[in-house]
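Heads up: the structure comes next, in structure tokens.
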Amino acid sequence: MKILTTVQNGILHILLDGEIDEYSAATARHQTDRKIDECPPCDKAYIDLANVTFMDSTGIGFLIGRYKKLQRLGIKLYVVNPNPAADKILSLAGIYTLIPKA
């Protein structure tokens with residue numbers, strides 16, 4: 001899993017590239033949380049799933065964990081560009097009630 005981040009106009013962009021599964025989740029959590037902590041003041045964060053090739057329930061846990069962390073910091077989280085498979089999993093799990101699509 002590769003994680004690329006940028007900040008533009010007060011928005012933290014997090015691009016995930018690869019699989020979000022039990023094997024990669026711990027590293028992804030650590031890297032993403034570090035980027036969130038290093039971020040200058042941001043209003044929003046976008047997690048871009050365009051390059052996610054596989055996601056299971058571990059990916060849902062990853063998103064919920066980042067949502068909780070960002071919520072404590074007063075930053076709104078949005079999901080961007082989910083592929084059809086990820087979109088279906090997130091819809092069925094009800095994630096979009098917490099983390100809307102942007």
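The values are calculated or read from the model by the stated rules, or taken from the named source; none is laboratory data. Everything quoted here is computed from the prediction, not taken from an experiment. Quick reminder, even Gly has a Cβ in these numbers, built from the backbone with ideal geometry, and neighbours come from all protein chains shown.
Taking the criterion of being at positive phi and touching a residue at least 24 places away in the same chain (Cβ under 8 Å), the only residue of segment 18-74 that qualifies is G18. Picking from residues in segment 1-21 that are touching a helix residue (DSSP H, G or I) at 6+ places or on another chain (Cβ under 8 Å) and part of a strand (DSSP E or B), the one that is surrounded by the fewest Cβ atoms within 10 Å (Cβ to Cβ) is G18. Just one of the numbered conditions (1) assigned to a helix (DSSP H, G or I); (2) farther than 24 Å from N9 by Cα; (3) in contact with a strand residue (DSSP E or B) (Cβ under 7 Å, 6 or more places away or on another chain) is not true of L70: (2).
Residues of segment 77-100 include none that is touching a Gly at 6+ places or on another chain (Cβ under 8 Å), within 16 Å of T32 (Cβ to Cβ), β-branched (V, I, T) and surrounded by 15 or more Cβ atoms within 10 Å (Cβ to Cβ). Among the residues of segment 48-67, those identified as in contact with a strand residue (DSSP E or B) (Cβ under 9 Å, 6 or more places away or on another chain), closer than 11 Å to D21 by Cα and among the hydroxyl-bearing types (S, T, Y) are T53, T58.
If only residues of segment 48-72 that are among the aliphatic types (A, V, I, L, M) and surrounded by 13 or more Cβ atoms within 10 Å (Cβ to Cβ) are counted, the one that is modelled with the lowest pLDDT is M55.
For R34, state whether it is buried (at least 19 other Cβ atoms within 10 Å of the Cβ) and of a type in the set (D, E, K, R). Criteria not met by R34. Annotation: S24 fulfils all but one of (1) part of a strand (DSSP E or B); (2) buried (at least 17 other Cβ atoms within 10 Å of the Cβ); (3) of a type in the set (S, T, Y); the unmet one is (1).
Residues in segment 51-85 that are more than 11 Å from the chain's Cα centre (by Cα), among the aliphatic types (A, V, I, L, M) and over 17 Å from T27 (Cα atoms): L73, I75, A85.
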